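Let me begin by presenting the structure, written as structure tokens, before commenting on it.
The values are calculated or read from the model by the stated rules, or taken from the named source; none is laboratory data. This one's a predicted model, so the numbers in the text were calculated from it and none came from an experiment. Cβ coordinates were reconstructed from backbone atoms using ideal geometry, including for glycine residues, and neighbour counts include every protein chain displayed.
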Amino acid sequence: QKTPITVAYGDGIGPEIMRAVLRILEAGGALLEPEFIEIGESVYRRGHTSGIEEKAWESLRRTRVFLKAPITTPQGGGYKSLNVTVRKTLGLYANVRPVRSYEPFVATKHKAIDLVIVRENEEDLYAGIEHQQTDQVVQCLKLISRPGTERIVRYAFEFARRNGRKRVTCITKDNIMKLTDGLFHKIFEEVGSEYPDIQKEHMIVDIGAARLAEAPQRFDVILAPNLYGDILSDIAAEVAGSVGLAGSANVGDDCAMFEAVHGSAPDIAGKGVANPSGLLQAAVLLLVHIGQPEAAARIQNAWLKTLEDGIHTPDIYDERVSRKKVGTEAFADMVIERLGKL
Ligand code: NAI
Ligand code: MG
């Protein structure tokens, strides 16, 4: 029985990494029936300010599962962020970003990183309340609601429990934004008191970011409002090796979207060198989500074995640990060769 999913090739390196990932999924025995939709640059250029059309929404409402390659958001006014629109329309309130280091197989700045960032995904400065105040002043409002915060805080603690994690670190700037970040922190303490089995700590975002860069292995689950969570997850992915290695799940009550944490990388698009690993990690999260954990494990193991064998795309290539530098398609071939072998 194949599960229908919606798939978008995206922009920049999107089509290259998506093709590679779909090949690995197929070879790995994932039972999927992809429905392809067009989103991003080409749709923006046809005059849709949101970068997505009605027929794409129909597919998303039908399948409720979305594997999405990165897209390019055109510069300049009048365009809305497609990611923000999709997250808000489908109610994808939790953005879950696992970050691991893979030493000694991938050169990392830090060893033994194994953390998960749980980022609130609909509110904060990304709520889209931004306007021209006067000809000299523009304004963007920060929105933090009690229901929205309770939901994400509970999600983080439930996630910690379900995954055997010991500690949740809440990151805000409540020394300055006493009402908004203050409420987020307060609800963290309130809801957290229902989880005596999980340790709780709070850090101001400045020192939190500094510690994440210096000692990422001390973190377990990190919970943050939208903006800090966005920034912290790129820091974490990069210190663990490369932004090209991390995938994410955007989860709501009845829909979910899976994507790499990185963008469309226009600087390397079309060269066939992009690392498909971030999108592949997202696809593995998708397989677990739709109830195909065996295929997820088979693919994850083959991918780990490929890294262990020192087969690396240029972004993670390092003479100390790498043996062979390969492009996107060859990397996918190497993963496929290793399916079912441990
Ligand atoms: P980026 O993440 O696309 O690239 C940053 C750097 O990392 C570049 O040097 C790039 O070559 C490298 N990189 C990223 N992914 C890689 C991969 N898989 N393999 C090897 N190297 C990789 O960020 P940037 O350049 O700021 O944004 C480019 C475009 O992507 C922008 O239009 C931005 O709006 C969009 N974007 C889209 C996202 C999405 O669709 N989810 C998320 C972030 C940015
Ligand atoms: Mg980001």
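Which residues, taken from region 305-320, are surrounded by fewer than 21 Cβ atoms within 10 Å (Cβ to Cβ), more than 17 Å from Ala265 (Cα to Cα) and not charged (D, E, K, R)?
Gly310, Tyr317
Which one of the conditions (1) within 12 Å of ligand 2 (Cβ to nearest atom); (2) more than 20 Å from Glu150 (Cβ to Cβ); (3) in contact with a Gly (Cβ under 9 Å, 6 or more places away or on another chain) does Ser242 fail to meet, given that it meets all the rest?
Failing condition for Ser242: (1).
Scan region 249-264 and tell me whether some residue there is among the hydroxyl-bearing types (Ser, Thr, Tyr) and either at pLDDT below 95 or buried (at least 24 other Cβ atoms within 10 Å of the Cβ) (or both).
For region 249-264, residues among the hydroxyl-bearing types (Ser, Thr, Tyr) and either at pLDDT below 95 or buried (at least 24 other Cβ atoms within 10 Å of the Cβ) (or both): absent.
Output the number of the condition that Ile13 fails; it satisfies all remaining conditions of (1) over 22 Å from the mean Cα position of the chain (by Cα); (2) within 14 Å of ligand 1 (Cβ to nearest atom); (3) among the β-branched types (Val, Ile, Thr).
(1)
May I ask you to say which residue of Tyr195, Tyr228 is hydroxyl-bearing (Ser, Thr, Tyr), under 20 Å from the mean Cα position of the chain (by Cα), surrounded by 15 or more Cβ atoms within 10 Å (Cβ to Cβ) and at negative phi?
Sole residue among the options that is hydroxyl-bearing (Ser, Thr, Tyr), under 20 Å from the mean Cα position of the chain (by Cα), surrounded by 15 or more Cβ atoms within 10 Å (Cβ to Cβ) and at negative phi: Tyr228.
Have a look at Val284, Val288, Val251 and point out the one that is assigned by TED's automatic domain parsing to the domain that holds Arg87, touching a strand residue (DSSP E or B) at 6+ places or on another chain (Cβ under 6 Å) and more than 14 Å from ligand 1 (Cβ to nearest atom).
Val251
Looking only at region 262-272, how many residues end up being within 7 Å of ligand 1 (Cβ to nearest atom) and in contact (Cβ under 8 Å) with a residue 24 or more places away in the chain? Give the derivation first.
Taking region 262-272 and keeping what is within 7 Å of ligand 1 (Cβ to nearest atom), we get 262-268.
With in contact (Cβ under 8 Å) with a residue 24 or more places away in the chain added as a condition, the list becomes 262-266, 268.
Within region 262-272, residues that are within 7 Å of ligand 1 (Cβ to nearest atom) and in contact (Cβ under 8 Å) with a residue 24 or more places away in the chain number 6.
Quick check on region 169-181. Is at least one of its residues within 16 Å of ligand 2 (Cβ to nearest atom) and acidic (Asp, Glu)?
No: zero hits.
What about Ala274, is it more than 16 Å from ligand 2 (Cβ to nearest atom) and surrounded by fewer than 23 Cβ atoms within 10 Å (Cβ to Cβ)? Step through it out loud before you land on a result.
Numbers: more than 16 Å from ligand 2 (Cβ to nearest atom): yes; surrounded by fewer than 23 Cβ atoms within 10 Å (Cβ to Cβ): no.
No; evaluated as a whole, the condition is false for this residue.
Working only within region 204-219, note down all residues that are surrounded by fewer than 19 Cβ atoms within 10 Å (Cβ to Cβ) and under 23 Å from Lys111 (Cβ atoms).
Passing the criteria: Ile207, Ala209, Ala210, Arg211, Ala213, Glu214, Ala215, Gln217, Arg218.
Take the residues in region 231-248 that are near ligand 1 (Cβ under 10 Å from one of its atoms) and under 24 Å from Ile204 (Cβ atoms); name whichever of them is surrounded by the fewest Cβ atoms within 10 Å (Cβ to Cβ).
Restricting to residues being near ligand 1 (Cβ under 10 Å from one of its atoms) and under 24 Å from Ile204 (Cβ atoms), the top hit is Asp234.
Here are some residues: Gly91, Gly78. Which one is at pLDDT below 90, under 27 Å from Gly51 (Cβ atoms) and more than 16 Å from ligand 2 (Cβ to nearest atom)?
The conditions single out Gly78.
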